[in-house]
């Protein structure tokens, strides 16, 4: 079989009654489809698309994760139109709406596939996109018989994956049918997927890890996948583990932050109620794989009979379709302890764990057959030796066709070396004993709790909201703190402004702007003298050099303000709840933030709130007190008191409206 369309058609013919897809909502099954039923749904929508659009036309997918999203994506494959996975616009800020409009414009989408409910809910935002709306849940199932068989060629583009680029300049990775099939074959080999496996997937379907790894791999293999909405996991991580236990899940995973959430949120008595002995492969990827996180996860789930050998660190990226390398299945985590000073100099030097200078590096394993990884000097391109850190290059049939209508970016990332096409990943790593160790990232992207943050967007937010910052003189960078990435911001401040505005005042304004833009707290704020930001000879700001300067303390700073300092400056004297509603909100805020108490006049971000804790607090408020708290309020300077006033003045929203509000933050799971 040369493509996924043939695979799915064959499964529908040979095992029509086998369960293909189970859809959960809050832990309860709301739909189940056999391979024959799924194929019929897909053919009905594909027939409709064939009647209105030509192969190669782009269509935007705007739905929540569920059966409709699965049907829509597969219908694109069946009909030859190019799918553009995306997500419904947010109501809290224009940032995602702006990015969505930029994606639609870049892809020149002919249509938007959505549902009737979402079409009505987002009518105004969707109208701005200027594409025809297709309500997938309104398509006549009887149309399946009108489908005309489509036979894609290897080089035909299957979908565009917009996972890179800023809001202003999104880049769509062109994934062909041949890329997709090659990567599914590589993934099956790397993970050792068997006929009796059961996938459990909570990852969003608009992202490559959830789509290609969590959905298409089990469908390619002809096995069962249990699909749960991302917000169900964010609200209560225990639901993910309960689904694995209930359905005998054997393969499931996510980014590092998912394992960290479980280790922090699942209590011992809850773990004891679970039987996770069926879970034979727990893949961790999409963001740096951290030894401490996986150790904590394994320890927390020991009462649930989780097998430590199931841990499967891996590495991949959209430009390589998804899967690049994976650790040996059934071997658990392979850790190499390296001398930290030598590693900083660009080489892995094995050390004993007891060494004061030792830092743990987790192996991400090896490539699959017909693929290769090499390490080169990022500047000269010359090969690096064993254990030497350099840029990771990837080659093979999974390497995608480049960026949609962006030849400049394509030429920069996809290079020819001695007649072989290689992908420059922009990530730093080394090969040690034949395995890949990812050491860092040379790109500017900041990843916090699985959320992709583009520095351009954060810099723009600071420039727009903070008048004391010099325009065009702001850099947002990844600040490494105890092995985890946090946000750092460096900004030039004019001499006059330095005299009239206290550093704490400026830092607080920067912190508020970033929190409102992305729902995360800035760890380090560096206020620089004019000309203090590192620049090229042509005047271009250098983020990597700024990050290094912060780490080494060499930036021309007149003040540095830590997270604790600027947050403390926001906190006011403790004010206890004055009403029953304030008491209810204060209770769930405290639990969600891990605090003994909260003052009803302290802003959410000043208490260390994040997008994840906001989602969990909203869920707690709904479960315990029947309160529907808009998520957008957490990042607009809201306090417990202000939220109480908001809820008192506004009518309670319906459950579906609350679910939609929680969805506002799900795009932050990308990686």
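What the table shows:
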{"quantity": "Pairwise centroid distance, computed over Cα atoms, of the stretch 448-497 with the stretch 122-154, Å", "calculated": "40 Å"}
{"quantity": "Computed helical MRE - 222 nm, the chain, DSSP H runs ≥ 4 contributing -39500 (n - 2.57), nearest 500", "calculated": "-10500 deg cm²/dmol"}
{"quantity": "Diffusion coefficient, µm² s⁻¹, Stokes-Einstein with Kirkwood Rh over alpha-carbon pairs of the stretch 477-545 at 37 °C and 0.692 mPa s", "calculated": "247 µm²/s"}
{"quantity": "Likely footprinting exposure, 474, 514, fewest C-beta neighbours within 10 Å first", "calculated": "474, 514"}
{"quantity": "Most to least packed among 136-148, 270-282 [average Cβ atoms within 10 Å]", "calculated": "270-282, 136-148"}
{"quantity": "Rel. contact order, % - alpha carbon contacts under 8 angstrom, at least six apart, the stretch 446-570", "calculated": "25 percent"}
{"quantity": "Rh (Kirkwood; distinct C-alpha pairs) - the stretch 446-570, Å", "calculated": "14.2 Å"}
{"quantity": "Mean separation of Cα contacts under 8 Å (6+ apart) over length of the chain, as relative contact order %", "calculated": "10 percent"}
{"quantity": "Centre separation in Å (Cα based) which lies between the stretch 311-351 and the stretch 199-232", "calculated": "24 Å"}
{"quantity": "Taking all pairs of distinct alpha-carbon atoms in the stretch 576-649, Kirkwood radius in angstrom", "calculated": "11.7 Å"}
{"quantity": "Fewest-first sequence of 48, 558 by Cβ atoms within 10 Å of each Cβ", "calculated": "558, 48"}
{"quantity": "For the chain, alpha-carbon Rg relative to the globular expectation (2.2 N^0.38 Å, N residues)", "calculated": "0.94"}
{"quantity": "Per-peptide average of other Cβ atoms within 10 Å, ordering 615-625, 371-381, 543-553 highest first", "calculated": "615-625, 543-553, 371-381"}
{"quantity": "Rel. contact order, % - alpha carbon contacts under 8 angstrom, at least six apart, the stretch 576-649", "calculated": "36 percent"}
{"quantity": "Ranked packing of 199-206, 12-19, most packed first, by mean Cβ within 10 Å", "calculated": "199-206, 12-19"}
{"quantity": "Globularity index of the stretch 185-227, i.e. its alpha-carbon radius of gyration over 2.2 N^0.38 Å", "calculated": "1.04"}
{"quantity": "Rg/Rh ratio calculated on Cα atoms of the stretch 264-313 (Kirkwood radius)", "calculated": "0.96"}
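Any read-out appearing in this document is the output of simple, stated calculations on the displayed coordinates, not a laboratory observation. Note that the coordinates shown come from a computational prediction; the quantities given were computed from them, not determined experimentally. Reconstructed Cβ throughout: ideal geometry from the backbone, glycine too, with neighbour counts over all protein chains shown.
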